[in-house]
Amino acid sequence: MSPLLKVSDLHCSFDTTRGKVHAVRGVSFEMQRGETLALVGESGCGKTTLARCILGLQKIESGDVMLDGQTVSGLSRRQLRPHRAAMQCVFQDPFSSLNPRKRVETLIREPLDLHGVGTVAERRKTVLELMERVGLRPDWSRRFPHEFSGGQRQRIGIARALALRPKLIICDEPVSALDVSVQAQIINLLYELQRDFEVSYLFITHDLTLVENFADRVAIMYLGQIVEVGKAGEIWRNPQHEFTRTLIEAIPVADPNVPMRGTRTFCDARVTVGGSS
């Protein structure tokens, strides 16, 4: 079976006052249908830039992105539009990703309006069904985002991402701004929705413990490169790359009498100045 998502030798960089920053450097990986791939790495390693490149929100220098057997990289906005329905995103901050001037019904219905799906009555019915499916009361559809808690706002974002029945949802640290108890609720919800909607997740996070039992596979990203890929359990039991071992050692232990497992540090070597890196 052909992969749902295939990324091949992807490169992306930015010009800064210090020189050129190579945010994504030769990244290649594949995702299967119905799979959850966790992309794990420290802040600033290029995870979000990679996601934006896949979604067509960031221009790439070279490489290819294929979705369901079709190349979607390098397309214009008009050419990419038919593929938008198959790729959706749940953002990190559930408040800033929602327009505060629009009611919940409008926010969730917006993808349906843009793609002309169904009649007005059918769209409203879909919105109410999605709200109920993600754990929100349908009679809250006339409320504004500020009237909801952080976890409820993230449920609104998830409902909006599901509106077009996508094949792939990129979750960009969707629970990092939430309380620990709410994080567990959102993770459980995503798991249930994957089972019901047969959707694949590219789950971006910096927390290995968060995806230990949620992800099928884990890809470790460091300085714009994927340095290790494997099944979640294998990554934990037998990490192959030094940075993966450092991430595992940095996980805090809930016992003040147990010393930290490691203190190794890494530096950023992605800035090219005068031809050297």
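Values in this text are rule-based calculations from the coordinates and carry no lab data. What you see is a predicted model, and the numbers here were worked out from it, not measured in a lab. Cβ coordinates were reconstructed from backbone atoms using ideal geometry, including for glycine residues, and neighbour counts include every protein chain displayed.
Just a few scattered comments:
- Restricting Ala215, Ala219, Ala159 to residues that are crowded, with 18+ Cβ neighbours inside 10 Å, touching a residue at least 12 places away in the same chain (Cβ under 8 Å), part of a helix (DSSP H, G or I) and not charged (D, E, K, R) narrows the list to Ala159.
- Test: residue in the range 59-69 that is among the β-branched types (Val, Ile, Thr), touching a residue at least 40 places away in the same chain (Cβ under 8 Å), over 22 Å from Asp207 (Cβ atoms) and not in a strand (DSSP E or B): yes
- Within the range 75-108, the set of residues being of a type in the set (D, E, K, R), surrounded by 17 or more Cβ atoms within 10 Å (Cβ to Cβ) and within 21 Å of the chain's Cα centre (by Cα) comprises just one member, Arg84.
- Boolean, Phe243 is closer than 19 Å to Cys45 by Cα, of a type outside the set (D, E, K, R) and in contact with a strand residue (DSSP E or B) (Cβ under 7 Å, 6 or more places away or on another chain): yes
- In the range 62-91, the residues that are touching a Ser or Thr at 6+ places or on another chain (Cβ under 6 Å), on the phi < 0 side of the Ramachandran plot and not aromatic (Phe, Trp, Tyr): Asp64, Val65
- Counted residues, the range 79-126 - those being hydroxyl-bearing (Ser, Thr, Tyr), under 22 Å from Ala51 (Cα atoms) and assigned to a helix (DSSP H, G or I): 0
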